[in-house]
1. Going through region 91-114 one residue at a time, which ones are of a type in the set (Val, Ile, Thr), open to solvent by less than 60 Å² (accessible area, probe 1.4 Å) and at pLDDT 90 or above?
2. Identify the single condition in (1) of a type in the set (A, V, I, L, M, F, W, C); (2) buried (at least 16 other Cβ atoms within 10 Å of the Cβ); (3) under 26 Å from Val379 (Cβ atoms); (4) modelled with pLDDT of 65 or more that Ala282 does not satisfy, given that it satisfies every other one.
3. Conditions first: (1) under 30 Å from Gly376 (Cβ atoms); (2) at pLDDT below 65; (3) open to solvent by 60 Å² or more (accessible area, probe 1.4 Å); (4) in contact with a Lys or Arg (Cβ under 8 Å, 6 or more places away or on another chain). Asp303 passes all but one, so which condition is the exception?
4. Condition first: among the β-branched types (Val, Ile, Thr), crowded, with 20+ Cβ neighbours inside 10 Å and farther than 19 Å from Val128 by Cβ. Now tell me which residues in region 53-85 satisfy that.
5. Looking for whichever is surrounded by fewer than 12 Cβ atoms within 10 Å (Cβ to Cβ) and either within 20 Å of Leu116 (Cβ to Cβ) or modelled with pLDDT under 90 (or both) here; the options are Thr23, Thr88. Which one fits?
6. Out of all the residues in region 333-354, is one or more part of a strand (DSSP E or B), open to solvent by less than 20 Å² (accessible area, probe 1.4 Å) and either hydrophobic (A, V, I, L, M, F, W, C) or within 18 Å of Thr432 (Cα to Cα) (or both)?
7. Going by the conditions given, is Tyr360 assigned to a helix (DSSP H, G or I), modelled with pLDDT of 85 or more and hydroxyl-bearing (Ser, Thr, Tyr)?
8. Do you know which residues across region 115-152 are farther than 18 Å from Tyr173 by Cβ and modelled with pLDDT of 90 or more?
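The values are calculated or read from the model by the stated rules, or taken from the named source; none is laboratory data. Being a predicted model, the structure only gives us computed values, none of them experimental. Note that each Cβ is placed from the backbone with ideal geometry, even for glycine, and that neighbours are counted across all protein chains shown. Surface areas here come from the heavy atoms of the whole protein model, side chains and all, with no ligands, DNA or RNA. Shrake-Rupley method; radii C 1.70, N 1.55, O 1.52, S 1.80 Å.
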Amino acid sequence: MTPPDPSPSRAPAEGPQLLSGDTVRFRRRLRVWLGEAPARHSPPFSRYRWVRLLTYLLLTWAALAIALAGGVDVSESYDLAYPVALLTTSLQAAAIVLAVRRPVPAWAVSLTAATLTALLARPHLESVTSSGPNWPWSTPTLLAHTAVLLLVAVRVRLGGTVTVLAVTTLVTYVLRAGLATGHYSGTATVAVGLFGVAVSIGGILRSRQQARSELVQQTTITAEERARRTLLEERSRIARELHDVVAHHMSVISIQAQVAPHLVKDPSEELLENLAGIRGNALEALTELRRVLGVLRSENPEDPYGLGGPGTGAAPDAPQPTLDRLDALIENTRAAGLDVTANVVGEVRPYAPGVELSAYRIVQEALSNALRHAPGSRVDVEVGHLPNGLQLMVTNSPPRHPVPPSPGAGHGLLGMRERAAMLGGHVHAQSTSGGGFSVTAFLPGDSAPTPPDQPPTGDQSP
């Protein structure tokens, strides 16, 4: 027995899904066109609550004034029954309130109420013998519709606003040209002029708000991009320095593997083959490191032992500094105008090259920050040799005089943390109680990552 074809049963299910997706997209576009997806703060017109409350209060007051006082004016001007006049002006007042959230429907209500008022007033114009009342726009309807158009322009896109203004103008001149009769004071030209001014002001406010929002967004993106670029530059600099450390050890391995056969009498073929393999692998690794170095090297190398900030392009060709060069670094800093004292705690012992290089760079960056942000201050540098690692503490006193803003990128601490995290350590930076600044770093002696829930015992910072 042939099983039924499942495709017909799937077809009806796919149809409603496509129709539903089209409906959702259509409704979304319609909501945007109707002004239900306005620019930021429009409304609530401002990020300040008291300004929003004041705006809503003024709109409510204007709506009540048009409903009540406008009803009296329309009743007396057009000789209409007060309840009828009050109904038409109340519709216009409701349109003002509605325009805060639903501007296009509010415009339709306002235009309908104004047209209804003009049609109800037409028989009265035929009985007027002298200069008649304002028509087709009375004063209350003119003010209400102007307010509605202003809110429409603030909320709705330019195309929708122009369409609304064009329809309003067309209705105005149809009433004036096709239904005018008797004596009246024409308000069509004045009304269209006021409507154009209201739409222009609303459009300017909307454009200004959109430009401001785009500027804030672009500024945020630029700041994030700058921070990301600085981070990448610092990581590239760290990679260059570590390359030199690794390349040095690989070169030593290659030389030792080449010399080892001459240190053994009658070496076996297996030993010679293994040593040749070790040397070949070391040379191949050096070749790959040189290729990476060609990408990472700076085009404008500078003094690798200066006090420049991260990413300044120090020459990776020079030997990488270690803790032995801290004395020279401190002397250079003193020559630059800082009173620096150094103190070594614990028994000095050698560390892995990466640890010594990172320790030197952390102290260098801390002294560089003190030069930029606290000139003339007193700086204490403490290097602690602990059983489980190396602890660094650089503390500076407040500057002697006000310091202008620094032109640096402001990511020196980020580079310190990158170096410490790479080795399994961490860095703490904070202001001191006396107005200075302190940087404390801990680097494990074996360069093994430290579990986050078990901080090293050598870290004395809070």
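1. Of the residues in region 91-114, the ones of a type in the set (Val, Ile, Thr) are 96-97, 100, 104, 109, 112.
This time we only want the ones that are open to solvent by less than 60 Å² (accessible area, probe 1.4 Å), so: 96, 100, 104, 109.
Hits for region 91-114 are Ile96, Val104, Val109.
2. Answer for Ala282: the failing condition is (3).
3. Answer for Asp303: the failing condition is (4).
4. Within region 53-85, the first condition is being among the β-branched types (Val, Ile, Thr), and the residues that meet it are 55, 60, 66, 72, 74, 84.
Remaining after also requiring crowded, with 20+ Cβ neighbours inside 10 Å: 66, 74.
Ile66, the sole residue that qualifies.
5. Working: Thr88 fails: surrounded by fewer than 12 Cβ atoms within 10 Å (Cβ to Cβ).
Of Thr23, Thr88, the one residue that is surrounded by fewer than 12 Cβ atoms within 10 Å (Cβ to Cβ) and either within 20 Å of Leu116 (Cβ to Cβ) or modelled with pLDDT under 90 (or both) is Thr23.
6. Initial filter on region 333-354 (part of a strand (DSSP E or B)): 339-345.
When the remaining residues are screened for being open to solvent by less than 20 Å² (accessible area, probe 1.4 Å), the result is 340.
Next, only the ones that are either hydrophobic (A, V, I, L, M, F, W, C) or within 18 Å of Thr432 (Cα to Cα) (or both) stay: 340.
Yes, because at least one residue in region 333-354 is part of a strand (DSSP E or B), open to solvent by less than 20 Å² (accessible area, probe 1.4 Å) and either hydrophobic (A, V, I, L, M, F, W, C) or within 18 Å of Thr432 (Cα to Cα) (or both).
7. Values: assigned to a helix (DSSP H, G or I): yes; modelled with pLDDT of 85 or more: yes; hydroxyl-bearing (Ser, Thr, Tyr): yes.
When the stated conditions are applied, Tyr360 passes them.
8. Filtering region 115-152 down to residues farther than 18 Å from Tyr173 by Cβ leaves 120, 123-124, 126-133, 139-140, 143-144, 147-148, 150-152.
Correct list: Leu120, Thr139, Pro140, Leu143, Ala144, Ala147, Val148, Leu150, Leu151, Val152.
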